[in-house]
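Below: the structure, in structure tokens.
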There are 2 protein chains.
Amino acid sequence: MTEALTDSPPQAFNELRDLIIERRDKLPRRLAQVAAYTIEFPDDIAFGTVGSISERAAVQPSTLVRFAKALGYSGFSELQAVFQERLRDRPNNYEARLQSLDEHTSGHSPAMAAIEGFSEAAIRSIERVKERVKPEDLDEAARILAAAETVYLIGLRRSYPVTAYLHYALGTLGIRTVLAGSPSGVDREILAFAGPRDAALAVSFTPYAPTTVEYTRQIVAQNTPLVSITDSPFSPLALNTSVWFEIVESDFEGFRTLAATMTLAAALAIAVAEKRRAGGRR
Amino acid sequence: MTEALTDSPPQAFNELRDLIIERRDKLPRRLAQVAAYTIEFPDDIAFGTVGSISERAAVQPSTLVRFAKALGYSGFSELQAVFQERLRDRPNNYEARLQSLDEHTSGHSPAMAAIEGFSEAAIRSIERVKERVKPEDLDEAARILAAAETVYLIGLRRSYPVTAYLHYALGTLGIRTVLAGSPSGVDREILAFAGPRDAALAVSFTPYAPTTVEYTRQIVAQNTPLVSITDSPFSPLALNTSVWFEIVESDFEGFRTLAATMTLAAALAIAVAEKRRAGGRR
DNA sequence: AGGAAAATGGAATATAAGTTCCATCACGAT
DNA sequence: ATCGTGATGGAACTTATATTCCATTTTCCT
């Protein structure tokens, strides 16, 4: 059996990469060839099979196993896992930024760790909004809300701050809104006033408050156009809705911020205001 | 054999995603369950094996194959390939990513410009929080709030969503809160109950709502410790306050999001909860 | 040049993976 | 209530994958 390393092989891709580069010229010919291939086509290592990779790298399958063992892994699969980790859970864009965040985090007070953790989660979430929200949807939502005489805002529990914000934001922009979910408790009666010439905006995340779902049903039944913000295509709000947005807030220690949702809400408010200005008064 | 589709199944991830979402509610129970899992954990589909995925998705291995076939693929492996493509050949280096981001930005609809603009503003604001907030301040604020019998939350207008969020967040963490600023209009009387063994948290930004300023004066006069979140050292809230945080939300076209404030609020909530847990009950 | 040690290619093997099949179950129509 | 269709769970089967083994070649030292 080939010699194994005394200490355990790297689990992080970057370390592994460094190790391969460092060892490269001490390795025998075929193994060096594999080393070069792994550095050049890391994605292929992550997804390929021993057979397919060996073919493309022009070596024998057994050579790949040897290579992994020479690096201290128990077999090729173990080495492959490291290459896969690199591609996993990568929230597309801000990886580098987040990584530097992680480095800062360690060694701080628990309070500061919370700040860093939530910042990281918030930035990720916002990034995702940018990627996922379709311009057409935003335009359509803005059109609906801009055309409404009154906008009914529906949001309970965690979603309530969002509707409260929109209540404020749309209010300052001269758009009449009615906020459901406040402690008044007469929401149903208020929502009964909504008609086809109004519009409603509902916000709800898992676990969806039954009341919110019920309200949206009522709204739809009254032929009032509905725009929703929710966290999954399978959310009850995503059905029967004129337009809906998917927002996935990353969590930190099981707790979620509202940063991304607030960002979308702000954009929506501005878009509505612009539509109103452009489309003339109604 | 199960029915196959007439036209070929999607090779691009986004199309596949849309297809799954569209078909979701027409699928039988177990297949719908798989559908939800694939949307929620696409990375797992890309890297897992039929065995491991079926275990985590709580279905039989055969169900995964059925799911793939129901979508028109020849088998699970073919569907998996689409999930892998999504992760392959993604540019790693930071600059390239940012560049592609910029390219997306320009030439989009005004609606999308709003999303991009607010996202940028929000991320910048959050990063500033990270830099500016002092760990000692956060610790001290958490200590004050954790020691309080009741936490009084003061926030009007744009700040109201923040206190509403804290009302919810602290509530779920088992901390008694009273929310001022809601439409009830009896805030002053409610705040009169606050004493030295309680604490208050006030949030206010320019232009500072006179009512908020007045409330904080009242609170301080009653010897209730006060934590503030505001946007300038010269804010009326920064004076006479036990601890205060400076949050500057970047604006986009004169409009401000609450992303950074929400992030700080979340961190504060967690920090308080941890202090409570660590420090025993009072 | 001769020999030992290491490296290599390729076949053999054991393991794991994906797929198929069938008995059973749930549900809707008659 | 009964029948029939479709869905489901789980075992059986087939394929392919990673790993091991060994004969052969290469390398390097004396």
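Just so you know, all these numbers are worked out from the coordinates, no wet-lab data involved. Quick caveat: nothing in here was measured; it's all calculated off a predicted structure. Positions of Cβ are generated from backbone atoms using ideal geometry, with glycine treated the same way; all protein chains shown enter the neighbour counts.
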(message) Output wanted: per-residue J couplings in Hz (rounded whole) for region A:209-220, from phi through Karplus 6.51 cos²θ - 1.76 cosθ + 1.60, θ = phi - 60°, x for Gly and Pro.
(response) 5, x, 4, 4, 4, 4, 4, 5, 4, 4, 4, 4
(request) Output the antiparallel fraction of DSSP beta bridges having both residues in the protein assembly as shown, as a percent to the nearest 5. (result) 10 percent
(request) Could you let me know the centre-to-centre spacing of region A:123-194 and region B:175-232, using Cα atoms, in angstrom? (result) 27 Å
(request) Can you tell me the FRET efficiency between B:E40 and A:E149 if r is taken as the Cβ-Cβ distance and R0 is 51 Å, rounded to the nearest 0.05? (result) 0.85
(request) Looking at region A:175-282, send over the antiparallel percent of its DSSP beta bridges, to the nearest 5. (result) 20 percent
(request) Quickly estimate the mean residue ellipticity at 222 nm for chain B, helices only: each DSSP H run with n ≥ 4 gives -39500 (n - 2.57), and the total goes over all residues, rounded to 500. (result) -17500 deg cm²/dmol
(message) On C-alpha positions alone, give me the angle between the axis of helix B:61-70 and the longest principal axis of chain B, in degrees, nearest 10.
(response) 80 degrees
(request) Check the straight Cα-Cα distances from A:K26 and name the aspartates and glutamates below 15 Å, setting aside those fewer than 8 residues away within the same chain. (result) A:E3, A:D18
(message) Need one number: % antiparallel among DSSP beta bridges in chain A, to the nearest 5.
(response) 10 percent
(message) List the residues, sorted by chain then number, that are 5 or more residues from A:V178 or on another chain and whose placed amide H is less than 5 Å from its amide H.
(response) A:V151, A:Y152, A:L153
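How do A:D43, A:D251 line up, fewest other C-beta atoms within 10 Å first?
A:D251, A:D43
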(message) How tilted is helix A:259-278 with respect to the longest principal axis of chain A? Cα atoms for both, answer in degrees (0 to 90, nearest 10).
(response) 50 degrees
(request) Could you line up B:V213, B:V243 from fewest to most neighbouring Cβ atoms inside 10 Å? (result) B:V213, B:V243
(request) Starting from a label point 7 Å past Cα on the Cβ side, list the distances from B:A192 to the same position in the other copies, nm, shortest first. (result) 3.6
(message) Using Cα springs under 10 Å in a Gaussian network model of chain B, which residue among B:A146, B:A121, B:A36 shows the largest mean-square fluctuation?
(response) B:A36
(request) Please report, in debye to the nearest 20, how large the charge dipole of region B:114-279 is about its Cα centre when each Lys and Arg carries +1 at its beta carbon and each Asp and Glu carries -1 there. (result) 420 debye
(message) Given points 7 Å out from each Cα along the Cα-Cβ axis, report the A:R176 to B:E78 separation in nanometres with one decimal.
(response) 5.7 nm
(request) Answer rounded, prolate or oblate for region A:133-278, using the Cα gyration tensor with square roots of eigenvalues a ≥ b ≥ c: rounded when a/c is under 1.5, else prolate when a/b is larger than b/c, else oblate. (result) rounded
(request) Starting at the first residue of region A:8-14, write each ³J(HN,Hα) from the Karplus equation 6.51 cos²θ - 1.76 cosθ + 1.60 with θ = phi - 60°, in whole Hz, x for Gly and Pro. (result) 5, x, x, 9, 9, 4, 4
(request) Among B:G171, B:A114, B:P207, flag the residue with its Cα farthest along the positive direction of the charge dipole of region B:114-279, charges on Cβ as +1 for Lys/Arg and -1 for Asp/Glu. (result) B:G171
(request) Provide the per-residue ³J(HN,Hα) series for region A:195-200, in order, calculated from phi with Karplus coefficients 6.51, -1.76, 1.60 and θ = phi - 60°, each as a whole number of Hz, with x at glycine and proline positions. (result) x, x, 8, 9, 8, 10
(request) Taking a label point 7 Å out from Cα toward Cβ, give me the nm distances from A:E136 to the same spot in the other copies, shortest first, one decimal. (result) 5.7
(request) Starting with the fewest neighbours, write out B:K134, B:K26 ranked by other beta-carbon atoms found within 10 Å of each beta-carbon. (result) B:K26, B:K134
(request) Sequence neighbours fewer than 8 away in the same chain don't count; with that in mind, list the lysines whose C-alpha is under 20 Å from A:K134. (result) A:K275
(request) Quick one: among A:T261, A:T177, A:T49, which has the greatest mean-square fluctuation in a GNM of chain A with alpha-carbon springs under 10 angstrom? (result) A:T49
(message) With angles folded into 0 to 90 degrees, how steeply does helix B:76-87 sit against the dominant principal axis of chain B? Use alpha carbons for both and round to 10.
(response) 50 degrees
(request) Evaluate the charge dipole of the protein assembly as shown about its Cα centre and quote only its size in Debye, nearest 20, assuming +1 on the Cβ of each Lys and Arg and -1 on the Cβ of each Asp and Glu. (result) 1000 debye
(request) Taking just the C-alpha trace of region B:13-87, give me its Rg and Dmax in Å. (result) 10.7, 29
(message) Amide H of B:S228 versus every other amide H placed in the peptide plane: which residues, excluding those fewer than 5 positions away on the same chain, fall under 5 Å?
(response) B:A202, B:V243, B:W244, B:F245
(request) Take the Cβ-Cβ distance between A:S52 and B:Q60 as r, set R0 to 25 Å, and report the resulting FRET efficiency rounded to the nearest 0.05. (result) 0.35
(message) Using Cα springs under 10 Å in a Gaussian network model of chain A, which residue among A:R176, A:R256, A:R30 shows the largest mean-square fluctuation?
(response) A:R30
